[in-house]
Amino acid sequence: MIYDLHSHTLASDGALSPAELVASAEQAGVGALAITDHDTTAGYSEWHALNRSSSVRVIPGVEFSTTWNGIGVHILGLNVDPGSDAMRSGTRSQLNARRERAARIIERLQKAGLAVDEAALLDSAGTTAPGRPHIARYLVSQQLVKDERTAFKKYLGAGKAGDVKNLWADLSTVIEWIRGSGGTAVLAHPDKYNMTFGKLTRLTADFAGLGGQAIEVISGRQLAVTTERLARLAASQGLLASMGSDFHQPGQSWASLGKITQMPASASPVWDSW
Ligand code: AMP
Ligand code: FE
Ligand code: FE
Ligand code: ZN
């Protein structure tokens with residue numbers, strides 16, 4: 001059984017509708033797929049409302065943005081109840097933060113001399129969860145940068161004008177929202193934070209201390225040594241292991257749906273308790 005417990009739809013910064021995503025997962029032979037849009041469960045709810053049958057078990061999820069010691073980190077909520085008070089108030093609060101953040105980023109870009117029209121940009125994003133990828137796409141469409149990569153490199157990436165991360169709820173709050181909605185809190189893509197292993201161990205220990213339950217031992221395509229290192233880290237902190245492609249769009253460089261390495265036999269998979 002292939003588990004892919006991290007994916008995005010048009011409800012955040014993915015390129016496929018929920019129905020297209022599930023159909024692609026089915027084609028890729030995925031048995032269980034978690035839809036984990038940034039700060040919203042709207043993509044999952046859209047799929048659920050279609051009331052379609054599929055060989056794929058679709059698991060409701062979310063990917064919350066937060067910070068730890070000033071560093072932006074992402075926490076997945078897997079198997080959450082989207083209708084619960086905790087999830088509704090959590091996503092409402094984060095989506096407000098996203099809109100406020102988009103406005104601040106746009107203001108900073110304007111101050112940097114870019115001709116950005118706020119209304120047109122938000123309109124082009126077509127989502128309640130505007131993020132940096134939508135801003136990057138707009139800058140490309142206005143020919144203000146040549147491609148999205150350059151948009152991140154010059155304006156939106158870490159330390160640049162558009163790097164606004166102080167609006168998110170804190171780590172303990174997002175874990176409470178996830179657990180309060182019956183979900184499992186998972187530290188997303190630990191290898192993507194450019195932290196030393198010592199720092200990552202401290203993050204993981206703090207996360208576990210606050211009620212975090214698992215880490216993504218596998219995120220997309222990665223080296224076997226990374227998988228082994230993260231599996232050991234999970235075990236040392238008493239955490240379960242999750243895995244996912246972090247699929248956003250067909251053709252992305254880091255992984256396609258379901259094309260992920262196998263979980264090491266020594267790991268305790270997060271889905272065992274579901
Ligand atoms: P946000 O949630 O608005 O902070 O945007 C984060 C998302 O932007 C990530 O989930 C990725 O999908 C995307 N992203 C982050 N860094 C880059 C980058 N350097 N180039 C392209 N996309 C990126
Ligand atoms: Fe994303
Ligand atoms: Fe992420
Ligand atoms: Zn993601």
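Which numbered condition in (1) in a helix (DSSP H, G or I); (2) at pLDDT below 95; (3) within 16 Å of ligand 1 (Cβ to nearest atom) is the only one that residue 137 fails? So the condition that residue 137 fails would be (2). The set of residues from the stretch 1-26 being within 15 Å of residue 256 (Cα to Cα) and without any contact (Cβ under 8 Å) to a residue 60 or more places away in the chain comprises 9, 20, 22, 23, 26.
Evaluate the stretch 154-168: report whether one residue or more is modelled with pLDDT under 95, open to solvent by less than 10 Å² (accessible area, probe 1.4 Å) and either within 20 Å of residue 38 (Cβ to Cβ) or touching a Lys or Arg at 6+ places or on another chain (Cβ under 7 Å) (or both). Yes, the stretch 154-168 contains a residue that is modelled with pLDDT under 95, open to solvent by less than 10 Å² (accessible area, probe 1.4 Å) and either within 20 Å of residue 38 (Cβ to Cβ) or touching a Lys or Arg at 6+ places or on another chain (Cβ under 7 Å) (or both).
For the stretch 249-274, filtering for residues that are among the small types (Gly, Ala, Ser), open to solvent by 20 Å² or more (accessible area, probe 1.4 Å) and within 14 Å of ligand 1 (Cβ to nearest atom) leaves 2.
Residues being more than 16 Å from ligand 4 (Cβ to nearest atom) and touching a residue at least 12 places away in the same chain (Cβ under 8 Å): count how many of those fall in the stretch 71-94.
Pass one, the stretch 71-94, residues more than 16 Å from ligand 4 (Cβ to nearest atom): 71, 79, 81-90, 92-93.
Going one step further and asking which of them are touching a residue at least 12 places away in the same chain (Cβ under 8 Å), we end up with 71, 79, 81-82, 84-87, 89-90, 93.
Residues that pass the stated criteria total 11.
In this structure, is residue 17 among the polar types (S, T, N, Q), farther than 26 Å from residue 134 by Cα and more than 13 Å from ligand 4 (Cβ to nearest atom)? The answer is no for residue 17. Among the residues here, residue 221 qualifies as within 16 Å of ligand 1 (Cβ to nearest atom), more than 21 Å from residue 60 (Cα to Cα) and touching a residue at least 24 places away in the same chain (Cβ under 8 Å). Selection over the stretch 3-29 of residues that are away from ligand 3 (no atom under 16 Å from the Cβ) and in contact with a Lys or Arg (Cβ under 9 Å, 6 or more places away or on another chain) gives a count of 3. Of the residues making up the stretch 27-46, those that are among the small types (Gly, Ala, Ser), touching a strand residue (DSSP E or B) at 6+ places or on another chain (Cβ under 8 Å) and within 16 Å of ligand 2 (Cβ to nearest atom) are 34, 43. Somewhere in the stretch 194-201, is a residue more than 30 Å from residue 104 (Cβ to Cβ) and of a type in the set (Phe, Trp, Tyr)? Yes, the conditions are met somewhere in the stretch 194-201.
Do you know which of the residues in the stretch 112-127 that are surrounded by 15 or more Cβ atoms within 10 Å (Cβ to Cβ) and either touching a Pro at 6+ places or on another chain (Cβ under 7 Å) or touching a residue at least 24 places away in the same chain (Cβ under 8 Å) (or both) is nearest to residue 94 (Cα to Cα)? Out of the qualifying residues, it is 127.
The values are calculated or read from the model by the stated rules, or taken from the named source; none is laboratory data. The shown structure was predicted, so the numbers you read here are calculated from the model rather than taken from an experiment. When we count neighbours, we look across all protein chains shown, and the Cβ atoms used for this are built from the backbone with ideal geometry, even at glycine. Keep in mind that these areas ignore ligands, DNA and RNA; they rest on the heavy atoms of the full protein, side chains included. Shrake-Rupley method; radii C 1.70, N 1.55, O 1.52, S 1.80 Å.
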